[in-house]
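Notes for the one structure printed next.
Taken together, the values in this text are just the output of simple stated rules run on the coordinates, not laboratory data. Fair warning: this is a prediction, and the values are worked out from it, not measured in the lab. As a convention, Cβ positions derive from the backbone with ideal geometry for all residues, glycine included, and neighbour counts pool all protein chains shown.
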Amino acid sequence: MDKSREQKHEQKLIRAAAAGDRDSADELIRLHQGSVYAYILRLSGRPDVAEDIVQEAFVRVLTNLNRFDPHYRFSTWLFTIARRAFLNACEKRRPISDSDRVESTTGRAVNANTDWDTQDEHTHTRDTVQQALMTLSLEQREIIVLFHQHEWPIWLIAEQFKIPQGTVKSHLHRGRTRLREALRELALRQNLTRETQVAATMRGVRA
Amino acid sequence: MKHPAFSLPPMEDSVDRLVNEVMDAEAEGRPAAALELVRTATRSHPGFGARLAATRAAVRSMRHSIPASPDHRSHVHMGVDVLRPYVSPRHRRQISMSRAVIAAGVVFTGSLVAVVHWAWPQARDSHGARPIAGVVDAIGSDTATITSKLKDMTPVNPMPLPLGASDMYDNDQAVRAAYLARTAPAPVGSSTGRAAAQRVASGGPTISDPLPPFLLLSPAPGNASIRPGDPLAGLYRIDADGVIHFLPQVAPAPDNLLPTDRPSK
């Protein structure tokens with residue numbers, strides 16, 4: 001199916017779902033749940049959080065379908081709502097310290113890296129790429145994920161975050177470099193661990 | 001004091017800058033420019049190829065390891081049903097039908113009102129009555145204005161209430177003439193006129209005075225019969241034209257006027 005036909009089909013589904021057709025809503029969820037889940041999972045690093053956020057985002061979208069402007073892409077709207085839900089969840093889960101209060105009063109951006117990185121170690125995904133991504137700042141992570149995983153063009157990312165295209169490129173360049181370095185470090189650490197394990201096993205066999 | 005340069009993010013080194021330029025050119029669909037950049041960079045920076053390959057591999061790994069999503073449909077529908085329940089196609093049709101019926105009813109009622117107003121325009125106007133609003137507005141102004149507003153006020157023309165077959169008065173000239181003849185005020189010099197004048201002088205009619213006759217509105221006055229058990233049977237008679245005549249007699253006690261179940265005192 002070519003792009004324009006795909007878009008027409010999607011518009012039809014949106015209209016039907018807005019009119020209360022359950023099957024069309026079902027189809028919309030089926031079409032987009034994979035990409036939104038992957039996006040939020042990459043941002044949060046936690047499958048349980050990603051599932052909650054995706055469900056919340058879809059509920060919000062389906063109950064406000066009549067507000068959707070068909071001139072925009074549905075996926076962009078859905079991602080915006082999912083991202084907002086994720087940032088809200090970050091705000092709720094984040095322990096507020098005195099220094100954070102000072103930062104929030106001075107208007108500095110909230111770092112949405114949250115304490116999810118440090119808590120509940122065994123629920124973290126063991127995906128190396130995910131671990132490398134979690135070393136980036138939230139902005140870099142979002143832009144890297146949208147550009148390289150979801151193949152959004154630079155102008156659309158800039159529009160989404162309301163920042164100039166140059167800033168998007170700057171985040172993208174630094175993010176790529178950081179991701180490459182993080183993956184290299186992780187690979188080295190894994191090799192070291194493996195070598196240590198092999199050495200320990202060999203010692204055990206000799207003994 | 002901290003130098004502002006220290007707070008800036010670290011600058012990209014030249015090899016990384018070249019790597020990003022190549023990748024941007026590839027992403028923007030300029031393979032020839034990307035190839036040219038690779039050739040130039042490989043000549044000037046020996047480690048460029050390895051770094052480009054490592055960056056590509058890092059980025060490619062993101063595309064190859066997209067996590068599979070669980071099915072959220074049931075959970076989403078549950079959430080949506082709480083906020084805005086879906087309606088079944090049958091229920092939707094019923095809602096549409098009822099809306100159509102209501103709309104048709106509104107249109108029909110509006111048309112009916114319009115037809116009635118068109119056919120009987122006297123039902124629409126206020127029979128020449130001037131509202132009191134003009135007088136109210138004139139309060140506070142000079143006496144002449146208030147007087148003129150009061151003069152402008154005209155009472156509502158009394159219209160016969162549209163009850164029963166009241167059009168008999170207008171349509172049936174015989175009935176109309178009989179009614180007018182029987183209900184016309186008596187001449188001043190006649191005996192009936194004198195009696196009426198005496199009643200007025202003595203403070204108005206009493207219950208023992210006969211009431212003026214009036215016309216039944218039934219289109220078939222002959223059918224108006226007096227029931228045998230009617231306690232008022234002796235108090236009136238109905239003539240052939242349907243005119244009721246009240247007979248003069250002693251006023252009955254109120255308890256005897258109508259049958260009652262109350263025990264007599």
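Annotations for the structure displayed:
- Convex hull per residue volume in Å³, alpha carbons only, for the range A:1-90: 92 Å³
- Length gained when the stretch B:HIS245-B:ASP81 is fully extended (0.36 nm per residue, less Cα-Cα span): 51.6 nm
- At R0 = 60 Å, FRET efficiency that the Cβ-Cβ distance of A:ASP127 and B:ALA100 yields, to 0.05: 0.60
- Distance (nanometres) between label positions extended 7 Å along Cα→Cβ at A:LEU186 and B:HIS45: 2.4 nm
- Rounded FRET efficiency, nearest 0.05, which uses the C-beta distance separating B:ARG56 from A:THR196 and R0 of 22 Å: 0.15
- Evaluating 6.51 cos²θ - 1.76 cosθ + 1.60 at θ = phi - 60° for every residue in the range A:7-21, the Karplus couplings come out as 5, 4, 4, 5, 4, 5, 4, 5, 4, 5, 5, 5, 7, x, 7 Hz, glycine and proline recorded as x.
- Of the peptides A:59-65, B:45-51, the ranking by mean beta-carbon count within 10 Å, highest at the top, reads A:59-65, B:45-51.
- Couplings 3J(HN,Hα) of the range A:154-166, computed from phi: 4, 5, 6, 5, 4, 5, 5, 9, 6, 10, x, 4, x Hz, in residue order, whole Hz [Karplus 6.51 cos²θ - 1.76 cosθ + 1.60, θ = phi - 60°; x for Gly and Pro].
- Diffusion constant of the range B:15-96 at 25 °C, which comes from Stokes-Einstein with the Kirkwood Cα-pair radius and 0.890 mPa s, µm²/s: 143 µm²/s
- Pairwise FRET efficiency - A:VAL205 versus A:ASP48, Cβ, R0 = 35 Å, nearest 0.05: 0.30
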